[in-house]
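Undergrad: The structure is given below, and queries will be raised subsequently.
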Amino acid sequence: SGALLNKDFRLMAINSLWAGLERQPPDSLLALIGLYAADPRPGKIDLGVGVYKDEAGHTPVFAAVKAAEQHLLATQATKSYVGPEGDIGFFQRLLPIIFGEDAPVERISGLQTVGGTGALRMAAELIARANPEATVHIGAPTWANHPPVIGAARLKVKTHRHIDLATQSLCFDEIKAALVAAKPGDVALLHGCCHNPTGADFAPDQWEALAQLCAEKGVLPFLDLAYQGLGDGLELDAAGIRIMARHCPELLVAYSCDKNFGLYRERVGALYLLARSADEAKLAQTNMLSLARANWSMPPDHGAATVRIILESEELSRQWRDELDEMRLRINGMRSDLAALHPALGFLMQQKGMFSTFNITPDQVAMLREQCGVYMAPSGRIAICGLTPANLKPFAAALLECKVLGSVEAIA
Ligand code: PLP
């Protein structure tokens, strides 16, 4: 093997395999983290982060999670594999939180996944197995990872406008038109709540209209619920999904516990499938299990077991809900406090969750960063959690300076 190591492989006649790969662009948000860290200015503001932060800029571990982890550590008797379906108790305890206490459980199947991303990918693979001709309709802009995840399952993606950023209003007619033009068997990928990156969610009457359209057209609702509890609270944030489940005989929910339990790196998610009948739900389940085997074989246990322990305990559940409420109130507080600083920021109060997107040019994004030390994604998305009572006014002043906002007499 010594001789092999000394060979100069570049001189060999056989073509190199990796040299033919196309270079992929780096993640623009990760690049932003590096730029922010290197900026020496004390008043710099980071609105790029995609995770929850408290006023001190920390992403804390929930106390309920710490307590559940301690219990897990003390009682776990084996590290043997969980099955490909994951932690069934976790899956079942979460179900009524999403679908309500009167959920048609016999028509619902699914499994634990590797985060919300794993659920999205598995759902895409399942759709591709059932109907390789399906087109997935997505409102733009959307979470940057949606198109690659859907594309990785070789499904076609077609986009329509979700929002008009100039007026910050939903393009509801265009969304409906996309569904009217869809083929039966096509898929509508919708954000269940707290739309990432715009915060622009559907009102209940709009969910009703979309659900009726999907049911009439035979379009499958594919709901991405990654932020339940961070908009209007756990119940209200599930309203869209429950409306869909009432009208549509079949749907998919890709769920993430990574934000609402603060478990990001533990990769906790689940895929829920609603079928026309219990038999079809079971049939689909056998396919999800085989997809799991071919993807990750068995999911990781720690995060899902932690969530299960919380949901099994009345006391820990209450504590988790209180902590989640506190996060939601901080997000909504920052939204309304920033909105109060300038009349053109009023839209922030109508929008929900961790993100909103400004109607802003790449030049203005660069100017905000270079001139004012304000870091945001090149798309103009801001993470509401990067805002604190101390940086609200400097941020609004920077928006004025870079002409993102027209001047009023002065910042209120
Ligand atoms: N869906 C949306 C809209 C998201 O914003 C995210 C994460 O940022 C996910 C899904 C994936 O979540 P997870 O980290 O659990 O894979």
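Undergrad: Answer yes or no as to whether Cys402 is more than 20 Å from Asp337 (Cβ to Cβ) and either open to solvent by 40 Å² or more (accessible area, probe 1.4 Å) or in contact (Cβ under 8 Å) with a residue 12 or more places away in the chain (or both).
TA: Here the answer is yes, as Cys402 does meet what is asked.
Undergrad: So Cys248 ticks every box in (1) surrounded by fewer than 24 Cβ atoms within 10 Å (Cβ to Cβ); (2) under 17 Å from the mean Cα position of the chain (by Cα); (3) among the hydrophobic types (A, V, I, L, M, F, W, C) but one. Which box is left unticked?
TA: (2)
Undergrad: Okay, moving on. Is it the case that segment 160-170 has a residue that's open to solvent by 40 Å² or more (accessible area, probe 1.4 Å), more than 19 Å from Val253 (Cα to Cα) and within 15 Å of the ligand (Cβ to nearest atom)?
TA: No, that holds for no residue.
Undergrad: Name the one entry in Val180, Val149 that is closer than 28 Å to Ala281 by Cα, open to solvent by 10 Å² or more (accessible area, probe 1.4 Å), within 16 Å of the ligand (Cβ to nearest atom) and touching a helix residue (DSSP H, G or I) at 6+ places or on another chain (Cβ under 8 Å).
TA: Checking each option against the conditions leaves just Val149.
Undergrad: Here's something else I'd like to know. Would you say Ser297 is at positive phi and surrounded by fewer than 17 Cβ atoms within 10 Å (Cβ to Cβ)?
TA: yes
Undergrad: Within segment 183-208, restricting attention to residues that are of a type in the set (A, V, I, L, M, F, W, C) and more than 18 Å from Leu236 (Cβ to Cβ), which residue is nearest to the ligand (Cβ to nearest atom)?
TA: The selected residue is Leu189.
So that you can scan it fast, the table gives a plain yes or no per residue for (1) more than 16 Å from the ligand (Cβ to nearest atom); (2) free of Cβ contacts under 8 Å to residues at least 40 places away in the same chain; (3) open to solvent by 50 Å² or more (accessible area, probe 1.4 Å):
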| residue | (1), (2), (3) |
| --- | --- |
| Phe62 | no, no, no |
| Lys66 | yes, yes, yes |
| Gln92 | yes, yes, yes |
| Gly118 | no, no, no |
| Leu126 | yes, no, no |
| Thr135 | yes, no, no |
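Undergrad: Sticking with this structure for a sec: For segment 372-392, which positions are in a helix (DSSP H, G or I) and either touching a residue at least 60 places away in the same chain (Cβ under 8 Å) or under 21 Å from Leu29 (Cβ atoms) (or both)?
TA: Result: Cys372, Ile384, Cys385, Gly386.
Undergrad: Separate question: Looking at segment 85-99, can you tell me whether even one residue there is assigned to a helix (DSSP H, G or I), touching a helix residue (DSSP H, G or I) at 6+ places or on another chain (Cβ under 7 Å) and more than 22 Å from Leu230 (Cα to Cα)?
TA: Yes, some residue in segment 85-99 is assigned to a helix (DSSP H, G or I), touching a helix residue (DSSP H, G or I) at 6+ places or on another chain (Cβ under 7 Å) and more than 22 Å from Leu230 (Cα to Cα).
Undergrad: Quick check on this structure: which one of Ala226, Ala270, Ala238 is open to solvent by 10 Å² or more (accessible area, probe 1.4 Å), within 16 Å of the ligand (Cβ to nearest atom), touching a residue at least 12 places away in the same chain (Cβ under 8 Å) and closer than 30 Å to Arg318 by Cα?
TA: Ala226
Undergrad: Between Ala56, Ala13, which is at pLDDT 90 or above and open to solvent by 50 Å² or more (accessible area, probe 1.4 Å)?
TA: Ala56
The values are calculated or read from the model by the stated rules, or taken from the named source; none is laboratory data. Quantities reported herein were computed from a predicted structural model and do not represent experimental measurements. We place every Cβ from the backbone using ideal geometry, glycine too, and count neighbours over all the protein chains shown. SASA here: full protein model, heavy atoms, side chains in, ligands and nucleic acids out. Shrake-Rupley method; radii C 1.70, N 1.55, O 1.52, S 1.80 Å.
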